[in-house]
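Report on one structure; see the data block that follows.
Values in this text are rule-based calculations from the coordinates and carry no lab data. Here the structure is a predicted model, which means the values were calculated and not measured. Neighbour counts are summed over all protein chains in view; Cβ atoms, including those assigned to glycine, are modelled from backbone coordinates with ideal geometry.
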Amino acid sequence: MAKRPQPTAPAEPAKQKSSPEKAPVETLIAENRKARHDYHVDETLEAGVMLKGTEVKSLRQGRVVLKDAYGLFMRNELYLMNADIQPYVHGNVHNHEAKRARKLLVHKREAERWEGKVQEKGYAIVPLKMYWKKGRAKVLLGLARGKKEYDRRDDIREREADRDVARAMRRGNR
């Protein structure tokens, strides 16, 4: 009886080191396009959102509207108000309310600084977009001032001028 050779363990593949310059993948859930039209955004801040289980499932389906949402300070904490996350389709009696106040997770120092600006200078806190980052729901908030009608007209005029310049460059009319 001949001895069979013992199988050797396959060589382990070399572990690849993750490069620190790679940005984490962000998957867009919803965007508030109207915010940049109605407001001058001076600063932005990324905040985590405290959600219930059925809210997470609804977000995965993309069932959220940020159009009328805003940030509000209550008891020295920042909340996302009026964000419409539709109830989960396959939910039961434990489904969530669509427009409940959701606590935003930000650093205390940043929250205090933004709260001071909102009280003093008449800024508003507006959600610009909601996205997934490393499996967590995040909201990009903007510290914004409202635009006047003439500001909107100036923006339109500027956009049209840029478009005309780009069109002329494509044609070669320099």
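Can you tell me which residues in the range 108-130 are in contact (Cβ under 8 Å) with a residue 24 or more places away in the chain and outside any helix (DSSP H, G or I)?
Matches in the range 108-130: Tyr123, Ala124, Ile125, Val126, Pro127, Leu128, Lys129, Met130.
Of all residues in the range 36-91 being of a type in the set (Phe, Trp, Tyr) and closer than 30 Å to Tyr150 by Cβ, which is nearest to the chain's Cα centre (by Cα)? Show your work before the answer.
Let us first name the residues in the range 36-91 that are of a type in the set (Phe, Trp, Tyr), namely 39, 70, 73, 79, 88.
Now restrict to residues that are closer than 30 Å to Tyr150 by Cβ: 39, 70.
Numbers: Tyr39: 17, Tyr70: 13 Å.
Filtering first and then ranking leaves Tyr70.
Any chance the range 153-161 includes a residue that's without any contact (Cβ under 8 Å) to a residue 40 or more places away in the chain and either outside any helix (DSSP H, G or I) or hydroxyl-bearing (Ser, Thr, Tyr) (or both)?
Looking through the range 153-161, none of the residues is without any contact (Cβ under 8 Å) to a residue 40 or more places away in the chain and either outside any helix (DSSP H, G or I) or hydroxyl-bearing (Ser, Thr, Tyr) (or both).
May I ask you to list the residues in the range 52-66 that are outside any helix (DSSP H, G or I) and surrounded by fewer than 15 Cβ atoms within 10 Å (Cβ to Cβ)? Let's see the steps before the verdict.
Residues of the range 52-66 that are outside any helix (DSSP H, G or I), as a first pass: 52, 61-66.
Correct list: Gln61, Gly62.
Are any of the residues in the range 88-102 basic (Lys, Arg), touching a Lys or Arg at 6+ places or on another chain (Cβ under 6 Å) and not in a strand (DSSP E or B)?
Step one: filter the range 88-102 for residues basic (Lys, Arg), giving 99-100, 102.
If we keep only those that are touching a Lys or Arg at 6+ places or on another chain (Cβ under 6 Å) as well, we get none.
Looking for residues that are basic (Lys, Arg), touching a Lys or Arg at 6+ places or on another chain (Cβ under 6 Å) and not in a strand (DSSP E or B), one finds none in the range 88-102, hence no.
Quick check on my filter: what residues within the range 40-56 are farther than 16 Å from Val93 by Cα and among the charged types (D, E, K, R)?
Correct list: Asp42, Glu43, Glu46.
May I ask you to list the residues in the range 74-83 that are surrounded by fewer than 16 Cβ atoms within 10 Å (Cβ to Cβ) and not in a loop (DSSP other than H, G, I, E, B)?
Across the range 74-83, the qualifying residues are Met74, Glu77.
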